[in-house]
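Below is one structure, written out as structure tokens; the observations come after it.
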Amino acid sequence: MYKVNSQDVIFNFKPNMEAVLKVPSASLVHFDSNDCFFQQVTSNDDVLSEVDQNRLNPATGPVYVEGAEPGDLLQVDILAIDVAESGCAAVVPGHGALKDEAEEAIVRVIPIRNGAAHYLGLKLPIQPMIGVIGVAPKAEDGEWPTATPWKHGGNMDTRDIRKGTTLYLPVAQPGALFALGDVHALMADGEVCFTGLEIPADVLVRLTVLKGVKSEWPILETETETMVIASGEDLEEATASASSAMVGAMARALDVQWEEAYILASLVMDTRISQVVDPTMTVRAVLKKDVITTERILANL
Ligand code: CA
Ligand code: ZN
């Protein structure tokens, strides 16, 4: 069993990064992950403008996976996400879907007891998920702050990236150079107020190289669905990128005219908003596995 500790972090996904650990394909790796504020927020009296902005969105890693080469996929099986006993959320005027309506910057430390977040007198069952998860980008795509999601993954803030699911990331550099952080104990689609329930966590994943399986965007497999997760300057661009990748794969998987697959997508493929608050916005195109299996989608991207 391998482990990466919480002080081994990156703040940018770069084409060239120095790995902190090298593992064979199919290894189990624990990641000790920090919250998006690097634990600088500990009470409701903390003032966000005073936190060190250079230490936001740390991702633990990167890990070099032996055998991974550009043109492969890195299969990330998410086996466990064990969160801390409390997390925090914040309103930052100027950020979020209601950036002009929000007048006061507040932070709220929210305790978690017996599997539920306790907030405003409500008990909200937690659903831990990983906000930032990715690999080194292509050289031509350049360097990406951990706050910004793109083809390499990054801050996709997608609530389906949770225990029991499998993320497939496009490998762009030898070893893939995988890192993760920014776990949320709970977050709804959209993440409208700019944060989830931000929380440190111990994340266990299995990292496996899939040789010669290509994808432009990250793909997520849940118990029942396959998703293309795409990001763009706005929701229209993200929706088009996610849909285009899925419709193309559907047409090839079924060996039908592209336009027929486009009609089928309109009948059975959902588009769902992941988040509208990061520097690029994220949408997933979602297809049920009983229409086309994940394996056939992956083989036809
Ligand atoms: Ca995030
Ligand atoms: Zn977060």
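The values are calculated or read from the model by the stated rules, or taken from the named source; none is laboratory data. This is a predicted model, so every value here is computed, not measured. Virtual Cβ from ideal backbone geometry, glycine too; neighbours counted across all protein chains shown. Ligands, DNA and RNA are stripped out before the accessible areas are found, and what is left, the full protein with its side chains, is counted by its heavy atoms. Shrake-Rupley method; radii C 1.70, N 1.55, O 1.52, S 1.80 Å.
Summary of values
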quantity	calculated
Segment 174-200 and segment 208-242: distance between their alpha carbon centers, rounded to Å	17
For segment 34-115, size of Cβ-based charge dipole, Lys and Arg +1, Asp and Glu -1, in debye	160
Residue (of GLY175, HIS152, ALA242) at the positive-pole extreme of the chain, dipole from beta-carbon charges	GLY175
Amide H within-cut-off set for GLY154, under 5 Å, with H built and near neighbours excluded	ILE133, GLY134, VAL135
Cα-centre dipole for segment 54-102 with unit charges at Cβ (Lys and Arg positive, Asp and Glu negative), debye to 20	300
Approximate shape of the chain as ellipsoid semi-axes (Cα gyration tensor, √5λ), whole Å, largest first	30, 23, 17
Amide H within-cut-off set for ALA117, under 5 Å, with H built and near neighbours excluded	LEU124, ILE126
Charge context of ALA116, other residues only, Cβ under 13 angstrom, K/R +1, D/E -1	+1
Where THR158, THR42, THR239 fall by accessible area, highest first, once all protein chains stay in place (1.4 Å)	THR42, THR239, THR158
√(5λ) per eigenvalue of the Cα gyration tensor, segment 132-264, largest first, Å	25, 18, 16
Sites matching GluC sites (Glu not before Pro) across segment 1-107 that sit in DSSP coil, with at most 16 neighbouring C-beta atoms within 10 Å	GLU18, GLU66, GLU85, GLU101, GLU103, GLU104
Principal-axis tilt of helix 235-254 within the chain, Cα atoms, nearest 10 degrees	30
With Cα atoms, 0 to 90° folded angle of helix 258-268 axis to the chain main axis	40
DSSP bridge orientation in the chain - percent antiparallel, rounded to nearest 5	90
Convex hull volume per residue for segment 231-278, taking Cα atoms only, in Å³	68
Amide H partners (placed H, <5 Å) of GLN275, local residues excluded	GLY190, THR282
Hz values of 3J(HN,Hα) by residue in segment 271-283 - Karplus curve (6.51, -1.76, 1.60), Gly and Pro given as x	10, 10, 7, 7, 7, 10, 10, 8, x, 10, 9, 10, 10
The chain, relative contact order [Cα under 8 Å, separation at least 6], %	23
Selection from VAL283, HIS118, ILE161 lying farthest towards where the dipole of the chain points positive, charges on Cβ	ILE161
By average C-beta atoms within 10 angstrom, highest first, the peptides 143-149, 232-238	143-149, 232-238
Which listed pairs, of LYS123/LYS163; LYS14/LYS151; LYS14/LYS288; LYS14/LYS289; LYS14/LYS99; LYS163/LYS289, have C-alpha distances above 23 Å, in listed order	LYS14/LYS288; LYS14/LYS289; LYS14/LYS99
Cβ charges +1 (Lys, Arg) and -1 (Asp, Glu), total dipole of the chain, debye	900
Phi to ³J(HN,Hα) by Karplus 6.51 cos²θ - 1.76 cosθ + 1.60 over segment 184-200, Hz, x for Gly, Pro	10, 5, 7, 7, 9, 3, x, 6, 4, 8, 4, 10, x, 8, 6, 7, x
The chain - mean residue ellipticity at 222 nm from DSSP helices (-39,500 (n - 2.57) per run, n ≥ 4, rounded to 500)	-3500 deg cm²/dmol
Segment 95-166: proportion of alpha-carbon pairs further apart than 15 angstrom, %	70
